Amino acid sequence: MRELLLIVVSAALVNNVVLSQFLGLCPFLGVSKKIETAAGMGAAVIFVITIASGAASLIQNYILIPLNVEFLQTIVFILVIAALVQFVEMVLKKMMPALYNALGVYLPLITTNCAVLGIAVINAQENYNIIQSMVNGFGTAAGFTISIVLLAGIRERIEYNDFNPSWKGSPMVLVTAGLMAIAFCGFSGLI
């Protein structure tokens with residue numbers, strides 16, 4: 001149990017996928033304008049990364065390794081991730097059309113989100129079993145969600161602040177993200 005807790009804390013805070021590994025920056029910067037949209041994207045990413053991590057672990061350990069075809073890992077993982085994203089897209093379109101419309105093009109981009117594929121590959125490299133893979137995936141996705149919701153909250157607060165017009169938009173978002181990354185470096189001594 002302690003090992004799983006260490007995996008979650010490490011994935012979410014110490015090795016935050018966005019702020020320390022710089023994976024998944026496209027949705028991080030693109031969907032972080034409103035807290036509600038960021039939280040919806042975070043929930044979708046939590047579902048996709050957690051399930052994809054488990055499925056990729058099963059496929060890696062019980063199909064690719066026994067058949068000695070580990071070189072197909074990337075292709076197989078992308079197919080699994082694409083199927084999961086299609087499932088999430090159908091569910092959101094049916095159950096939460098407002099969130100589906102708010103996420104727009106960023107929802108299908110979860111398929112090509114390097115964070116999702118990166119965690120599946122990292123789990124395979126670390127030889128995690130299915131439970132460890134899913135816990136690492138959940139921790140990673142939780143860290144992504146924490147990061148994107150924090151950035152969305154900051155962006156909402158600074159949107160109407162009075163500062164130099166040349167800093168409006170992307171420059172201020174990138175400076176804010178950089179400062180968040182520096183702040184998350186403080187967690188490096190935690191584990």
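With +1 assigned to the C-beta of every Lys and Arg and -1 to the C-beta of every Asp and Glu, and no other charges, what is the dipole magnitude of the chain about the Cα centre in debye, to the nearest 20? Can you show the working numbers first?
Working: 8 positive and 8 negative charges, 64 e Å.
Its charge dipole is roughly 300 debye.
Subtract the Cα-Cα distance of PHE22 and GLU3 from 0.36 nm times their separation in residues, and report this length gain in nm to one decimal.
Details: separation 19, 0.36 × 19 = 6.84 nm, distance 2.48 nm.
Fully extending the segment from PHE22 to GLU3 adds 4.4 nm.
Applying a 10 Å radius around every beta-carbon, put 102-115, 177-190, 132-145 in order of their mean neighbour count, most first.
Working: 102-115: 18.4, 177-190: 13.4, 132-145: 25.8.
Result, highest mean first: 132-145, 102-115, 177-190.
How many times 2.2 N^0.38 Å is the alpha carbon radius of gyration of the chain? Intermediate values should be presented prior to the final figure.
On the way: Rg = 17.3 Å, N = 191, 2.2 N^0.38 = 16.2 Å.
For the chain, the normalised Cα radius of gyration comes out at 1.07.
Round to a whole number: what % of the accessible area of segment 1-111 belongs to carbon and sulfur, probe 1.4 Å?
Details: 4210 of 5820 Å².
So the carbon and sulfur contribution to the accessible surface is 72 percent.
Towards the positive end of the charge dipole of the chain, with charges on Cβ (+1 Lys, Arg; -1 Asp, Glu), say which of ALA52, TYR128, MET41 has the farthest Cα.
The Cα lying farthest towards the positive end belongs to MET41.
In whole Hz and in residue order, list the ³J(HN,Hα) couplings for segment 149-157 that follow from phi through the Karplus curve 6.51 cos²θ - 1.76 cosθ + 1.60, θ = phi - 60°; x for Gly and Pro.
Karplus values, whole Hz, x for Gly and Pro: 5, 4, 5, 5, x, 5, 5, 5, 6.
Hey, can you find the accessible area per residue of the chain for me, probe 1.4 Å, expressed in square angstrom? Display every interim value, and only then the final one.
Working: 10080 Å² over 191 residues.
Per-residue value: 53 Å².
Using only alpha carbon positions, build the gyration tensor of segment 10-115, then give the equivalent ellipsoid semi-axes as the square roots of 5 times its eigenvalues, largest first, whole angstrom.
26, 17, 11
For the chain, the longest stretch holding no GluC sites (Glu not before Pro) located in a DSSP loop with at most 14 other Cβ atoms within 10 Å is which?
On the way: sites that count: GLU126, GLU159.
Value returned for the longest uninterrupted segment is 1-125.
The values are calculated or read from the model by the stated rules, or taken from the named source; none is laboratory data. Not measured: the values here are computed from a predicted model. Note that we place each Cβ from the backbone using ideal geometry, even for glycine, and neighbour counts take in every protein chain shown. SASA here: full protein model, heavy atoms, side chains in, ligands and nucleic acids out. Shrake-Rupley method; radii C 1.70, N 1.55, O 1.52, S 1.80 Å.
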